[in-house]
Amino acid sequence: MKTIRVVAAVICDSFETKSKIFATARGYGELKGGWEFPGGKVEPGETPQQALKREIMEELNTEIEVGELIDTIEYDYPTFHLSMDCFWSKVSVGKLELKEAEAAKWLTKDELDSVAWLPADITLIGKIKECMSVISTKVTRSTLTKRIT
């Protein structure tokens, strides 16, 4: 079975708090519409981090900072084996602009199960949840003051 080596960016709002992550709905192919972490194939001569920066620029017109490796997912699809290095990432320059995906969402920890993840990507959700902060919906006097001023 052919092995395809790819990288995926788990783009978060902050490396420290990780209260939201960015997910995209695949815009093409037989897995169209399935939710995934953006990324793509590692080209010959590239490190995984270089490949991830290139792919995110191509797919989302954004420069990212690549953080720690979360995990390497090994998954057998019917016609190929996927080896996917998944890294924490955050936007360093630009705004996320969809060039290939059909939709995108920022998801909180409680919303991670609200989308239909692709089979390989869903295997990462448990590890991501362990690292994410829960956003409090409680409004305090200080946060209310900050919002008004």
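The values are calculated or read from the model by the stated rules, or taken from the named source; none is laboratory data. These numbers come from a predicted model, not from an experiment. Ideal geometry is used to build each Cβ from the backbone, glycine not excepted, and the neighbour counts take in all protein chains shown. Areas reflect the complete protein model, heavy atoms only, side chains present, ligands, DNA and RNA absent. Shrake-Rupley method; radii C 1.70, N 1.55, O 1.52, S 1.80 Å.
Of LYS129, LYS105, LYS18, LYS2, the order by accessible heavy-atom surface (1.4 Å probe, DNA, RNA and ligands excluded), from most exposed downward, is LYS2, LYS105, LYS129, LYS18.
If you take the beta carbon distance between LYS99 and LYS41 as r and set R0 to 25 Å, what does 1/(1 + (r/R0)^6) give as a FRET efficiency, to the nearest 0.05? Kindly include the intermediate steps, with their values, before the conclusion.
On the way: r = 16 Å, r/R0 = 0.64.
Efficiency, from the Cβ-Cβ distance: 0.95.
Counting only DSSP beta bridges whose two residues both lie in the chain, roughly 70 percent are antiparallel.
Positive end of the dipole of the chain (Cβ unit charges, origin at the Cα centre): among TRP106, VAL10, GLY126, the Cα lying farthest that way belongs to TRP106. Residue-normalised convex hull volume from the C-alpha trace of segment 37-83: 95 Å³ per residue.
When you restrict to C-alpha pairs under 8 Å that are six or more residues apart and normalise by the size of segment 1-141, the relative contact order lands at 32 percent. Roughly how many debye, to the nearest 20, is the charge dipole of the chain about its Cα centre, given +1 on each Lys and Arg Cβ, -1 on each Asp and Glu Cβ, and no other charges? Rounded to the nearest 20 debye, it is 720 debye.
Rg and Dmax over the alpha-carbon atoms of the chain stand at 16.2, 59 Å.
Determine the relative contact order of segment 50-126: mean sequence separation of Cα pairs under 8 Å and six or more apart, normalised by residue count, in whole percent. For segment 50-126, the relative contact order is 31 percent.
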